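Peer 1: The following block contains the structure, expressed as structure tokens.
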Amino acid sequence: MAQARRAHPRSRTDAALSFTQRVVAELAPYTPLLPCCRRSLVEGLALVTSAPGSIATTRPVAVRAAMQTLHADGIPAHVSRVTAARRTQYFVVGVDASTPQAPSERSCCRRSRLRGAFLGAGRLVRPDGEPYLEIGCAGEMGAAQLVDDFDVLGVPARSRRRRGRWVVTVRSGAGVGAALSSIGAQAGRLDFESGRVIREVRSGVNRRLNAETANLRRTAGAGVRQLESIAALEADSVRWQALPPALREAAELRSLHPDDDLAQLAELAGCSRPAMAGRLHRLVAAAGEGGDRVEVPVRRR
Ligand SMILES: [Zn+2]
């Protein structure tokens with residue numbers, strides 16, 4: 001295996017890494033302390049490998065994690081590298097699969113198995129995107145095992161077949177957050193949570209802006225209609241004189257203060273807000289009755 005180039009956390013290239021790569025880089029250096037968990041980590045890596053009885057991955061960091069883990073137990077595995085046209089695949093050779101054991105059901109081991117699987121074939125959408133975590137699996141059994149592991153750890157996951165391959169997916173914000181913590185990616189969890197906040201604030205602001213714009217448009221439309229009505233009534237002295245004094249006063253206030261809202265106009269007139277709304281409404285109605293519906297220029301001040 002090539003001499004590993006250790007990426008410094010938060011180095012200059014860190015920002016260029018995808019969220020998936022950052023989480024993989026965070027998980028890879030950690031070798032489980034307990035033998036049962038080391039076995040489970042290797043098991044997880046094998047679950048996502050399509051070559052039976054071995055570990056194959058395109059991720060050098062995953063190979064490194066597998067080798068460290070195997071060597072910690074004195075298993076003399078080695079790596080062979082196969083360079084294909086588009087990418088290099090690494091095979092961990094010498095993993096003893098002759099004594100198959102039932103997968104451990106201890107929760108320490110479930111976490112470890114999931115960590116191994118994620119190292120080998122996990123993917124995440126960037127933190128401020130739709131929450132999404134997936135692990136591609138070699139077969140249905142492996143996918144079912146990972147769903148079961150997630151389930152026991154309180155992470156809602158499901159498996160499905162996609163283009164001939166099985167994938168385990170987690171699609172809720174709470175689920176992806178819990179999954180990251182479960183596999184030991186605490187920095188990844190923090191990244192994810194801050195991205196979630198950004199996403200939620202962004203959608204909240206958009207929602208509020210849309211609502212406010214709609215309100216403003218409604219208010220502005222009403223104001224213009226009132227000013228047009230008032231101009232039409234004032235242009236017709238007979239109708240103007242026939243209006244009750246309270247309506248004439250409201251009309252004058254509206255003309256003088258075209259940008260005031262209802263509450264401000266009501267205060268100027270010394271009446272309640274609903275009363276002012278009623279007067280303006282009646283002005284618009286009065287202008288509509290028997291008018292010639294001519295286009296009247298808006299008089300401002
Ligand atoms: Zn364990």
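Nothing in this text is a laboratory measurement; each read-out follows from the coordinates by a stated rule. What you see is a predicted model; the values in this text were computed from it and never measured. As a convention, Cβ positions derive from the backbone with ideal geometry for all residues, glycine included, and neighbour counts pool all protein chains shown.
Peer 1: Taking amide H atoms as placed 1.01 Å from N in the peptide plane, list the residues 5 or more away in sequence, or in a different chain, whose amide H sits under 5 Å from that of Val125.
Peer 2: Here Tyr132 satisfy the definition.
Peer 1: Under a 5 Å amide H to amide H cut-off, with H placed in plane at 1.01 Å, what residues pair with Cys137 once short-range neighbours are removed?
Peer 2: Trp166, Val167, Val168
Peer 1: Next question. Which distance in nm do the two modelled labels at Glu249 and Arg208 give, with both placed 7 Å along the Cα-to-Cβ direction?
Peer 2: 3.8 nm
Peer 1: Go ahead and estimate [θ] at 222 nm for the chain from helices alone: -39,500 (n - 2.57) per DSSP H run with n ≥ 4, summed, over the residue count, rounded to 500.
Peer 2: It comes out at -18000 deg cm²/dmol, rounded to the nearest 500.
Peer 1: In the chain, if every C-alpha pair distance is counted and binned at 20 Å from zero, what percent goes to each bin?
Peer 2: Here the calculated profile for the chain is 27, 30, 12, 21, 10, 0.
Peer 1: Taking the dipole about the Cα centre of the chain, with the C-beta of Lys and Arg at +1 and of Asp and Glu at -1, give me whichever of His281, Ala62, Gly94 is farthest to the positive side.
Peer 2: It is Gly94.
Peer 1: Hey, what did the range 218-288 get for relative contact order, percent, Cα under 8 Å, at least 6 apart?
Peer 2: Value for the range 218-288: 41 percent.
Peer 1: Right, something else. Evaluate the charge dipole of the chain about its Cα centre and quote only its size in Debye, nearest 20, assuming +1 on the Cβ of each Lys and Arg and -1 on the Cβ of each Asp and Glu.
Peer 2: Approximately 1240 debye in magnitude.
Peer 1: Could you tell me which residue out of Ala242, Gly188, Gly204 lies farthest along the dipole of the range 154-252 toward its positive end? Charges go on the beta carbon: Lys and Arg +1, Asp and Glu -1, centred on the Cα centre.
Peer 2: Gly188
Peer 1: Report the gain in length on full extension from Asp151 to Ala84: 0.36 nm times residue separation, minus Cα-Cα distance, nm rounded to one decimal.
Peer 2: Full-extension gain reported as 20.4 nm.
Peer 1: Out of the range 78-147, which trypsin sites (Lys or Arg not before Pro) are coil in DSSP terms and have no more than 10 other C-beta atoms within 10 Å?
Peer 2: Listed in order of number, the matching sites are Arg86, Arg87.
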